[in-house]
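Q: Before we start, here is the structure in question, set down as structure tokens.
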Amino acid sequence: MLVEVFADHESISDRAAEVVTEQLRRKPDSVLGFATGSTPLGLYKRLIRNHEERGLDFSKMTTFNLDEYVGLPPTHPQSYHHFMWENLFNHINVNESRVYIPHGMSDDVDSFCAWYEKQIEDAGGIDLQILGIGANGHLAFNEPGSSLGSRTRIKTLTEKTVRDNARFFEEGEAVPHQAITMGVGTIMDAETVLLLASGERKAQAIRDALEGPVTGMCPATVVQMHRFAHILLDGEAASKLEYRHHGGIAEPKP
Ligand code: GLP
């Protein structure tokens with residue numbers, strides 16, 4: 001596990017953009033896993049800038065998003081489809097046929113999830129998976145209590161997650177209570193996971209994830225078992241860590 005601590009969210013975003021850009025320069029047909037939420041927004045802005053100003057080419061990449069709300073059509077402003085097109089895909093040269101985002105309106109969710117897993121497999125697996133973390137330690141929408149071996153499936157969200165995510169919805173608008181999410185096992189299969197966290201609100205989840213016992217009650221603890229987890233934090237998110245990871249490389253990248 002490589003943990004890097006930065007001064008602020010801007011610097012995390014700079015570093016994350018460097019990692020993703022490097023990955024795409026080294027392997028233009030990389031399979032990338034993308035995440036939603038406010039944390040990766042700075043990263044996406046920088047990727048757009050690298051495309052516009054430095055010609056970073058996205059045309060050969062394949063992408064898989066982590067999750068999507070059940071019941072929201074792709075056009076819904078709070079759907080993760082909408083989020084990804086608005087904040088990234090519309091502004092870079094993606095090949096639309098290689099963009100995969102779980103379909104929240106699927107009428108056969110189980111078949112859809114199996115199909116999604118198969119697409120990841122057929123693409124050769126995910127090279128680099130970007131992750132945020134929920135304040136309750138969730139990864140994607142793998143809530144506390146998720147199986148650490150789980151695959152893509154439907155999950156019911158906790159009250160806390162529904163409350164946390166309500167800030168993105170209009171006042172009074174119903175926040176979905178279910179989502180389709182890659183499983184913890186699906187995420188673990190990625191060659192590298194790049195987890196970003198910033199702010200005091202994430203400090204306890206980061207402490208639990210990096211230093212607590214591995215448990216399905218905090219799905220993010222599974223990063224401790226990943227062959228190469230790269231963690232980017234700001235000082236606030238790192239504030240509850242006991243072990244001084246700063247600048248330390250615990251293990252070399254395979
Ligand atoms: C949602 C997403 C997660 C994300 C989390 C944190 O629950 N499903 O993938 O990590 O939000 O969001 P934020 O980055 O806004 O704190």
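Q: Compute the convex hull volume of the Cα atoms of the chain, divide it by the residue count, and report the result per residue in Å³ as a whole number.
A: Convex hull of Cα atoms, per residue: 119 Å³.
Q: Same structure again: Mind listing the phi-derived Karplus ³J(HN,Hα) values for region 117-134, rounded to whole Hz, using 6.51, -1.76 and 1.60 with θ = phi - 60°, and x for any glycine or proline?
A: Each residue of region 117-134 in turn: 4, 5, 5, 5, 4, 5, 6, x, x, 8, 6, 9, 10, 7, 9, x, 9, x Hz.
Q: Measuring with a 1.4 Å probe in the full set of protein chains, what accessible area per residue, in whole Å², belongs to the chain?
A: 44 Å²
Q: Separate question: With a 1.4 Å probe and all protein chains kept in place, how do H230, H82, H76 rank by accessible area, largest first?
A: Reading off the accessible areas and sorting them downward yields H82, H76, H230.
Q: At q = 0.12, 0.17, 0.23, 0.28 Å⁻¹, what base-10 log of I(q)/I(0) does the Debye formula yield for region 72-132 when every alpha carbon is treated as an equal point scatterer in vacuo?
A: -0.35, -0.71, -1.21, -1.29
Q: May I pose another question? Hey, what do the phi angles of region 32-44 turn into as Karplus ³J(HN,Hα) couplings, whole Hz, using 6.51/-1.76/1.60 and θ = phi - 60°, x for Gly and Pro?
A: Result, ordered by residue: 10, x, 10, 10, 10, x, 6, 4, x, 4, x, 4, 5 Hz.
Q: K240 to A174: FRET efficiency via 1/(1 + (r/R0)^6), r the Cβ-Cβ distance, R0 25 Å, to the nearest 0.05?
A: Plugging the Cβ-Cβ distance into 1/(1 + (r/R0)^6) gives 0.15.
Q: Please work out the Kirkwood hydrodynamic radius for region 1-88, using every pair of different C-alpha atoms, and report it in angstroms with one decimal place.
A: In region 1-88 this quantity evaluates to 14.1 Å.
Q: Now for a different question. For region 75-83, in order, what is each residue's ³J(HN,Hα) by Karplus, 6.51 cos²θ - 1.76 cosθ + 1.60 with θ = phi - 60°, in whole Hz (x at glycine and Pro)?
A: 7, 5, x, 9, 6, 6, 4, 4, 4
Q: Return the distance in nm (one decimal) between the two label points of a simple spin-label model at R201 and A166, each offset 7 Å from Cα along Cα→Cβ.
A: 1.4 nm
Q: Moving on. Can you tell me the convex hull volume per residue for region 114-254, based on C-alpha atoms, in Å³ to the nearest whole number?
A: Once divided by residue count, the hull of region 114-254 is 113 Å³.
Q: Could you give the length gained on full extension between K60 and S97, defined as 0.36 nm per residue of separation minus the Cα-Cα distance, in nm?
A: Using 0.36 nm per residue and subtracting the Cα-Cα distance, I get 12.3 nm.
Q: Shifting gears a bit: Using modelled amide H (1.01 Å from N, peptide plane; none on Pro or chain starts), what sits under 5 Å from the amide H of M217, excluding residues fewer than 5 places away?
A: For M217, the qualifying residues are G145.
Q: Next question. If you take the alpha carbon radius of gyration of region 51-105 and divide it by 2.2 N^0.38 Å, what ratio comes out, to two decimals?
A: That ratio works out to 1.19.
Q: Can you send over the carbon and sulfur percentage of the accessible area for region 59-181, probe radius 1.4 Å, protein chains only?
A: 50 percent
Q: Alpha carbons only, please: Rg and Dmax for region 79-180, in angstrom.
A: Cα only, region 79-180: 14.7, 43 Å (Rg, Dmax).
The values are calculated or read from the model by the stated rules, or taken from the named source; none is laboratory data. The structure presented is a predicted model; accordingly, all values stated were derived computationally and were not measured. Quick reminder, even Gly has a Cβ in these numbers, built from the backbone with ideal geometry, and neighbours come from all protein chains shown. Keep in mind that these areas ignore ligands, DNA and RNA; they rest on the heavy atoms of the full protein, side chains included. Shrake-Rupley method; radii C 1.70, N 1.55, O 1.52, S 1.80 Å.
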